[in-house]
Number of protein chains: 2
Amino acid sequence: MTRPPAAIPPADRAVHVVGVDSGGSGLRVALGRVDRPEPVVTTVCAEPVRTGPGGIDPAHLLDQLLPAVRDLRARAGAAGEASSGGIAALAIGAAGMASLGERLRTELPGALADALGVRRLALAADAVTAYAGAVGQRPGAVVAGGTGMIALGTDLRSWRRADGWGHLLGDSGGGAWIGRAGLDAAMRAHDGRSGGSPALLARLVSVFGPAEELPGLLYPRSDRPAVLASFAPEVAACAGADQVAAGILREAARHIAEAASAVCPRDEADDGQVGEVALTGGLFRLGDPLLRPLREELARLLPRARATSGTGDPLTGALGIARALADGGLRLPRHPTMLCVHAEGPEKGENGDRERTATPG
Amino acid sequence: MTRPPAAIPPADRAVHVVGVDSGGSGLRVALGRVDRPEPVVTTVCAEPVRTGPGGIDPAHLLDQLLPAVRDLRARAGAAGEASSGGIAALAIGAAGMASLGERLRTELPGALADALGVRRLALAADAVTAYAGAVGQRPGAVVAGGTGMIALGTDLRSWRRADGWGHLLGDSGGGAWIGRAGLDAAMRAHDGRSGGSPALLARLVSVFGPAEELPGLLYPRSDRPAVLASFAPEVAACAGADQVAAGILREAARHIAEAASAVCPRDEADDGQVGEVALTGGLFRLGDPLLRPLREELARLLPRARATSGTGDPLTGALGIARALADGGLRLPRHPTMLCVHAEGPEKGENGDRERTATPG
């Protein structure tokens, strides 16, 4: 069976869009309407999608996504929403999409067209859905911080990325980085080396037990970055009274601001950096001990940019990308691995050029 | 069958001692004579001793050690050495001995007495055999550097240890630390963040390929610290012309000197630190780019101590401990996990007190 462009349901029949956020804690799925910004219904599949030697497993993703979408459509129908008609567009943001998403990019367009009639699909890096959730479709930058730390910016022509290289190659200033620096300072105090913090050593012993037994607890675990990041709140709690802890958070703030500065779009007239820098993710729940030096570092490096807390999360961002794809208004730049778009039929507004295609899709 | 103290063969019959160095690259075994410092014959078992949930596996160690000792004694006999008589003492230095050696301490004394007639046994942390090889039985400190970094010092009354906590909690200034700092600086250059080194980025690309593919190469491996450490020579090679690389080695030197300073014995009269600081292990083969700043940092922190390159390796150290145990002259301090000694019968010179036991063993 061929699917000619004319078979794309018009927006008045395909009223729904789907956003997906796939990460280490599982799959979150939202069903929304083309004509409304907020989700109608959402659900969570607690099992993280498997990653094997061939990358993220498309079959394992579909095994969870398809029942979830059926369930969401049934719930929307029960709530008085139209449950018939197609899904106008679907967007998936996934951790590791850029480096481990090749099979998703190859197999999902056909599989989702067959199973759900989806003809417009976006496959995005989780940093891109974080951007879409926090900044929307405007130029700017996002810093997504949790266990790791990545900065992503765009002038709506191309993307710039800084860091996000993982706990051994970077993620400088993220949760694992802060926790590791805190534990290093604690072990220095234990050994009597300079640079040590007795306050952080006391926290280490309170959380993990005797310092000399921490290596035996940490190294056998497969979630070492998460274990390191679990100590970041202890560093923040000590920062008010402990100079070493305060210095760690000051250095983290500098690393984060440097990453934001590297990706923030530049004003063409004077080459200064402008726009919004959104801070999003669990890292910033460390609060003032991190945010105070971070605001100072951002003011120093990006005096003309505006730091904000992002308004929406990556799931909201995925739903927003799906909605923009459905109505032909996607302005965020396509990219072979970071924002890969599959669309059948005419489309409005590619790359923000809303005038290029005169015929509505 | 009981083994009374009188059953210990006197030194003129038990002419041989055995030293063992167990590490990540396998088991090295040396047979020596009680009355000569150098080994007579040595051998290598390429398979590293298994470490399981219960720690280092004594049966797996014995499976390799017993045939190796039989082979060494046969070779010594063929070379004209007396091959009869017992083994006067045996010393094993092992990576992880302190935290993972409980089963060795429980099971090996009986097993080695039964299999080889060994009545004097020392089980030592690899840092202790490194100390014994590099410094001998004098007060001082050793810095053992390779992928990791640990400093160990003694005044012959007790041991002091600094660092050696592994690549996520310390090992500051070691091979993995230097390599990681170099790769971090390379990724900064790739991203356009400050603190980056284009020279190190060029080396990264030359060694590993495209920078953005390095996380996919590194994180799936189980020998991540070794991969990081493999980049340390590139950092050293860049240090002559690259300020960032030179800064990394300067900081590594400071960390190493701080660890040495924390463990170096103090003169009781004026509390100044004295004695020998021996630098041993593959780390110092990085040469002048590390050694020049390290000599400066040691001169600053330990002006009255004498930095040397250790004369013997950990296998020589294990053999030296066995020889000292055989003739009752072991002066290095016993410790429940770092230097655990099992000896039947009278012994001379415990803890350097050569006068305590008048009767020779």
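The values are calculated or read from the model by the stated rules, or taken from the named source; none is laboratory data. All values derive from a computational prediction rather than experimental measurement. Every residue, glycine among them, receives a Cβ derived from its backbone with ideal geometry; neighbour counts consider all protein chains shown.
Taking the stretch B:148-164 as the search range and keeping residues that are touching a Ser or Thr at 6+ places or on another chain (Cβ under 9 Å) and under 19 Å from A:GLY216 (Cβ atoms), which one is nearest to the other protein chains (Cβ to nearest Cβ)?
That would be B:ALA162.
Any residue at all in the stretch A:152-163 that's under 30 Å from A:THR308 (Cβ atoms), assigned by TED's automatic domain parsing to the domain that holds A:HIS255 and without any contact (Cβ under 8 Å) to a residue 24 or more places away in the chain?
Taking every residue of the stretch A:152-163 in turn, none turns out to be under 30 Å from A:THR308 (Cβ atoms), assigned by TED's automatic domain parsing to the domain that holds A:HIS255 and without any contact (Cβ under 8 Å) to a residue 24 or more places away in the chain.
Considering each residue of the stretch B:33-73, count those that are surrounded by 12 or more Cβ atoms within 10 Å (Cβ to Cβ), in contact with a strand residue (DSSP E or B) (Cβ under 8 Å, 6 or more places away or on another chain) and not charged (D, E, K, R), and give that number.
So the answer is 17.
Which of the residues that make up the stretch B:191-213 are among the small types (Gly, Ala, Ser) and on the phi < 0 side of the Ramachandran plot?
Those that are among the small types (Gly, Ala, Ser) and on the phi < 0 side of the Ramachandran plot: B:SER194, B:GLY196, B:SER197, B:ALA199, B:ALA202, B:SER206, B:ALA211.
Which of the residues belonging to the stretch B:89-140 are under 19 Å from B:THR337 (Cα atoms) and among the β-branched types (Val, Ile, Thr)?
B:ILE92, B:THR106, B:VAL128, B:THR129
Could you tell me which of the residues A:ALA199, A:ALA253 is closer than 27 Å to B:GLU251 by Cβ and either surrounded by fewer than 19 Cβ atoms within 10 Å (Cβ to Cβ) or within 14 Å of chain B (Cβ to nearest Cβ) (or both)?
Checking each option against the conditions leaves just A:ALA253.
Residues being in contact with a Phe, Trp or Tyr (Cβ under 7 Å, 6 or more places away or on another chain) and either outside the structural domain of B:ASP242 (by TED's automatic domain parsing) or outside any helix (DSSP H, G or I) (or both): count how many of those fall in the stretch B:195-218.
0
Between A:ALA252, A:ALA299, A:ALA262, A:ALA246, which is touching a residue at least 24 places away in the same chain (Cβ under 8 Å) and within 21 Å of A:GLY140 (Cβ to Cβ)?
It is A:ALA262.
Just to be sure, is A:GLY275 farther than 30 Å from A:ARG203 by Cβ, in contact with a Pro (Cβ under 9 Å, 6 or more places away or on another chain), not assigned by TED's automatic domain parsing to the domain that holds A:SER22 and not aromatic (Phe, Trp, Tyr)?
Judged against the criteria, A:GLY275 is a match.
For the list (1) away from chain B (no Cβ under 11 Å); (2) crowded, with 24+ Cβ neighbours inside 10 Å; (3) closer than 22 Å to A:GLY317 by Cα, I need the number of the one condition that A:ILE178 fails.
Tallying (1) away from chain B (no Cβ under 11 Å); (2) crowded, with 24+ Cβ neighbours inside 10 Å; (3) closer than 22 Å to A:GLY317 by Cα, A:ILE178 fails exactly one: (3).
With B:ASP223, B:ASP242 as the choices, which residue is assigned by TED's automatic domain parsing to the domain that holds B:GLY287 and under 13 Å from B:PRO289 (Cβ atoms)?
Result: B:ASP242 is the single residue among B:ASP223, B:ASP242 that is assigned by TED's automatic domain parsing to the domain that holds B:GLY287 and under 13 Å from B:PRO289 (Cβ atoms).
I'd like the full set of residues that are facing another protein chain (nearest Cβ under 10 Å) and under 11 Å from B:ALA211 (Cα atoms), limited to the stretch B:185-196.
If the condition is that a residue be facing another protein chain (nearest Cβ under 10 Å) and under 11 Å from B:ALA211 (Cα atoms), then B:ALA186, B:MET187, B:ARG188, B:HIS190, B:ASP191 are the ones that fit.
One residue is enough: does the stretch B:285-295 have a residue meeting the conditions crowded, with 21+ Cβ neighbours inside 10 Å, touching a residue at least 24 places away in the same chain (Cβ under 8 Å) and either assigned to a loop (DSSP other than H, G, I, E, B) or in contact with a His (Cβ under 9 Å, 6 or more places away or on another chain) (or both)?
No, the stretch B:285-295 has no match at all.
Six or more apart or on different chains, Cβ under 8 Å: which pairs go from a residue in the stretch B:205-222 that's touching a residue at least 24 places away in the same chain (Cβ under 8 Å) and at the interface with chain A (Cβ under 10 Å from one of its Cβ atoms) to one that's of a type outside the set (Gly, Ala, Ser) and part of a loop (DSSP other than H, G, I, E, B)? Could you list them?
B:LEU214/A:TRP165; B:LEU214/A:LEU169
Between a first residue in the stretch B:45-56 that is assigned to a strand (DSSP E or B) and a second residue that is among the hydroxyl-bearing types (Ser, Thr, Tyr) and buried (at least 16 other Cβ atoms within 10 Å of the Cβ), which pairs have beta carbons less than 8 Å apart while being 6 or more apart in sequence or on different chains?
Listed pairs, sorted by first residue: B:ILE56/B:SER22.
Would you mind telling me which numbered condition in (1) assigned to a loop (DSSP other than H, G, I, E, B); (2) within 14 Å of another protein chain (Cβ to nearest Cβ); (3) touching a residue at least 24 places away in the same chain (Cβ under 8 Å) B:ALA226 fails?
Of everything listed in (1) assigned to a loop (DSSP other than H, G, I, E, B); (2) within 14 Å of another protein chain (Cβ to nearest Cβ); (3) touching a residue at least 24 places away in the same chain (Cβ under 8 Å), B:ALA226 misses just condition (1).
Please find, among A:VAL263, A:VAL235, the residue that is under 30 Å from A:GLY317 (Cβ atoms) and within 12 Å of another protein chain (Cβ to nearest Cβ).
Unique residue meeting the criteria: A:VAL263.
List every residue pair whose Cβ atoms lie under 8 Å apart, where the two residues are 6 or more positions apart in sequence or sit on different chains, the first residue falls within the stretch A:22-42 and is under 17 Å from A:GLY86 (Cβ atoms), and the second residue, located anywhere, is charged (D, E, K, R) and in a loop (DSSP other than H, G, I, E, B).
Cβ pairs passing all conditions: A:GLY32/A:GLU38; A:ARG33/A:GLU81; A:VAL34/A:ASP327; A:VAL40/A:GLU81.
Only one residue in A:LEU90, A:LEU169 is buried (at least 21 other Cβ atoms within 10 Å of the Cβ) and within 11 Å of chain B (Cβ to nearest Cβ). Which one?
One residue alone meets the criteria, A:LEU169.
Could you pull out the residue among A:VAL244, A:VAL235, A:VAL227, A:VAL263 that is over 25 Å from the mean Cα position of the chain (by Cα), surrounded by 19 or more Cβ atoms within 10 Å (Cβ to Cβ) and closer than 30 Å to B:GLY192 by Cα?
A:VAL244
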